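Here is the structure we will look at.
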């Protein structure tokens, strides 16, 4: 990986710990995110193996190959925008947090924040490979097994893909068994993952020695104020 800097390029696909999606591609497809002065300037996708994108190598297939390469660039850009600007205002959060019924009468199960399986699913969707190459039952299941640290069956993956599709978070690529994230899907996956990794996990570990001293001191102060209010609220025996 080349570090971002003046006129440098960064190979997309770096390991990300804060929930912001970055994107990789198959072995013969290279996506580069060009940075200058710490800012992303443009995205370049180089295709050395057209068949990795489902295209033949002859010149008559150039237009199809260009369309698919541009689609990769567009999905990378959408993911990066969502990673920098996700807010709770999206109606998608309210829609997926409760069970609903589609227009044709099919029940859509909820994807509730805080559920360990939903949290793992959001993290898996943020994984770099999926944005460029699409999502399959097999690829997503492998990520889920690692994030859950528990067995995760093909049937469970099929059920979760159905939940994502009915909630409008993924859509199937025509004539394939692959899916891609919708704009709402990117926002939900990034928001759930960022909220868990950046807020809930640090706060739940705030009383541990590795937590920042300022955070531990602030939480002690809150505890003391709460104890004081509870003490003052008690009625005396004479009352």
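Read the figures in this text as sums done on the coordinates, not as results from a lab. The model shown is predicted, which means the values in this text are computed figures rather than measured ones. In this analysis, Cβ positions are derived from the backbone assuming ideal geometry, glycine residues included, and neighbour counts consider all displayed protein chains.
For the range 103-239, what does the relative contact order come out to in percent, with C-alpha contacts under 8 Å and a separation of six or more?
Details: 99 pairs, mean separation 31.1, N = 137.
In percent, rounded to a whole number, it is 23.
Please give the FRET efficiency for residue 94 paired with residue 46, using the beta carbon to beta carbon distance and R0 = 41 Å, rounded to the nearest 0.05.
The computed FRET efficiency comes out at 0.50.
At 0.36 nm per residue, and after removing the present C-alpha to C-alpha distance, how many nm does the segment from residue 206 to residue 107 gain when stretched out fully?
This chain segment gains 31.7 nm when fully extended.
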